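Note sheet for the following structure.
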Amino acid sequence: MDSMAVTKVSTAILVAGIAYFLTGTIGAELIHQERLAKTAIEIKGAAPETAAGPAEEALAPIAPLLAKADPAEGEATFKKLCTACHTATEGGKAGIGPNLYGVVGGPHGHMEGFNYSPGLKAKDGPWTYDELNEWLKQPSAYVKGTRMTFAGIKNDQLRADVIDYLHVLSHNPEPLPAAPPAPDAAPAASPPAK
């Protein structure tokens, strides 16, 4: 290729880059994106949205779910979803994530030597059943900046099964929280007046 052809190709690339940049800049100035305060079409039964985004689903209380949890199901779910990153044997080594033996009731950074994210290191206190419930539903919402890329377990009962399985991984398992008492039966109807 002679020098004239190289100059033409270089000039064409430069002109295309400038045109691309100018088109993007002009387009950004002409079009202003704004989020609507209210949706244009309301769909009945859909979850309401706020200006910040979709409404968060309330977290189901863990005690009633643990009352009917199945640790064998939890182990199966754990093996399917968690063993790619975690081990769960006593004295087991960390994988991508820490070993989870003794996690229930243990401190948030329970595995010595594991490099936890700063957000998780900042969490005080032990892993309670409620905190594990919140964490396993959506780790990124529980700890901003977590290194755990797992999206979470959205199904309440599956999540409770996994927590029940994790709770038995200990020499001295934490007692399960007491489930709230079942609502009393409806009062008997009074006899009809005579």
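The values are calculated or read from the model by the stated rules, or taken from the named source; none is laboratory data. Keep in mind that this is a model prediction, so the values were computed, not measured. Cβ atoms come from the backbone with ideal geometry, glycine included; neighbour counts cover every protein chain shown. These area figures cover heavy atoms from the full protein model, side chains too; ligands, DNA and RNA do not enter into them. Shrake-Rupley method; radii C 1.70, N 1.55, O 1.52, S 1.80 Å.
None of A55, A37 is more than 24 Å from E134 (Cβ to Cβ) and modelled with pLDDT under 95 except A37.
Scan the stretch 49-61 and tell me whether some residue there is in contact with a Ser or Thr (Cβ under 9 Å, 6 or more places away or on another chain), open to solvent by less than 50 Å² (accessible area, probe 1.4 Å) and without any contact (Cβ under 8 Å) to a residue 24 or more places away in the chain. No, there is no match, as no residue in the stretch 49-61 is in contact with a Ser or Thr (Cβ under 9 Å, 6 or more places away or on another chain), open to solvent by less than 50 Å² (accessible area, probe 1.4 Å) and without any contact (Cβ under 8 Å) to a residue 24 or more places away in the chain.
Among residues that are free of Cβ contacts under 8 Å to residues at least 12 places away in the same chain and more than 16 Å from L81 (Cβ to Cβ), A94 is not included.
With the structure loaded, tell me whether L22 is out of contact with any strand residue (DSSP E or B) (no Cβ under 8 Å at 6 or more places or on another chain), farther than 18 Å from S170 by Cα, at pLDDT below 90 and assigned to a helix (DSSP H, G or I) or whether it fails that test. When the stated conditions are applied, L22 passes them. The C-beta contact set for the stretch 153-164 (first residue in contact (Cβ under 8 Å) with a residue 12 or more places away in the chain and part of a loop (DSSP other than H, G, I, E, B), second residue of a type in the set (S, T, N, Q) and open to solvent by less than 50 Å² (accessible area, probe 1.4 Å), distance under 8 angstrom, 6+ apart or interchain) comprises I153/T77. If I filter the stretch 141-149 for residues that are of a type outside the set (V, I, T) and open to solvent by less than 30 Å² (accessible area, probe 1.4 Å), do I get at least one hit? Among the residues of the stretch 141-149, at least one is of a type outside the set (V, I, T) and open to solvent by less than 30 Å² (accessible area, probe 1.4 Å), which makes the answer yes.
So in the stretch 121-132, with the set limited to residues that are outside any loop (DSSP other than H, G, I, E, B) and under 20 Å from H167 (Cα atoms), which one is most open to solvent (accessible area, probe 1.4 Å)? My answer is D130.
A search for C-beta distances below 7 Å between a residue of the stretch 64-90 that is within 26 Å of Y116 (Cβ to Cβ) and touching a residue at least 60 places away in the same chain (Cβ under 8 Å) and any residue that is open to solvent by 30 Å² or more (accessible area, probe 1.4 Å) and assigned to a helix (DSSP H, G or I), counting only pairs 6+ apart in sequence or on different chains, returns T77/L158.
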